[in-house]
Amino acid sequence: MTPVRFHHVLRSEWTKLRSLRSTVCTLLAAGVLAIGLSVLFANGAGRRLDAQGGFDPTAVSLQSFILVQLAISVLGVLVVTSEYGTGMIRTSLTAVPRRGRLLAAKALVFGAVALVCGQVVAFTSFLVGQAILNRTGLRDAALGEPGVLRAVIGCGLYLAMIGLLGVAVGVLTRTTAGAIMIMVAATLLVPLFTPALPESWAKPVGTFGPFGAGTQVMSVVPEPGLLTPWTGFGVLCLWVLGVLGVAALVFECRDA
């Protein structure tokens, strides 16, 4: 019997991800959201902010990440919970008894797909948004300007990490509905309500929380008192790796 090598597991996970109907639907939804929201923000928010005396055109284009991150994190959740829902996780564990290897393959395959998707979404959002700003006579930005290319690439990296966080949450909960609720709360509600917290709480959460820190990589001009772009992204990576580590331990110890 041929031993199961890691590249065999990677190929298997790639086949499963490609055959998952939700993969195409979710990635298409992410693309539509990115383009649609970029047009809306450029037409509406851009004009309003420019009338107020200046704005960051790159940030206007990349604001679509707010909802796109949810679409990519949902796909990360489904990569895991769809197998639990159909019972295929038992077959996967029979074929690959080393659970750490199986989870690592899932994370690597999905992480690569999410990274490519995130970069396509980021560059598409930027280019569409800047085209709208230029057409309407507002100030636009070019990729060659200081900090702009880093912000666009950082947006794609941020989306990929949020997708991996969805994988980890899917492993921990094993249910699609529960994991999606957690990701909605984490990506949308926590950042929304953080400013309402007492200042002694709001500042640490906004500065060192995964989303407050991670989004700094998309800032062309970082706000004073906050982490630098790559430091903030590093903090997000530590959060995601930490949750993935906990998920790996739970996956090893828990019955399928």
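Values for this structure:
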item	result
Complete set of residues in the stretch 197-213 that are hydrophobic (A, V, I, L, M, F, W, C) and at pLDDT below 80	Leu197, Trp201, Ala202, Val205
Residues (under 14 Å from the mean Cα position of the chain (by Cα) and at positive phi) located in the stretch 220-256	none
Matching option when the condition is in contact (Cβ under 8 Å) with a residue 12 or more places away in the chain, in contact with an Asp or Glu (Cβ under 9 Å, 6 or more places away or on another chain) and among the hydrophobic types (A, V, I, L, M, F, W, C), among Val220, Val250, Val148, Val171	Val220
Candidates Gly85, Gly129 - the one that is small (Gly, Ala, Ser) and surrounded by 20 or more Cβ atoms within 10 Å (Cβ to Cβ)	Gly129
Residue in the stretch 140-179 that is nearest to Gly85 (Cα to Cα), counting only those that are touching a Leu at 6+ places or on another chain (Cβ under 7 Å) and outside any helix (DSSP H, G or I)	Leu143
Per-region count, the stretch 48-85, residues modelled with pLDDT under 85 and among the aromatic types (Phe, Trp, Tyr)	1
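The values are calculated or read from the model by the stated rules, or taken from the named source; none is laboratory data. Source: prediction; values computed, not measured. For neighbour counting, all protein chains shown are included, and Cβ atoms are generated from backbone atoms with ideal geometry for every residue, glycine included.
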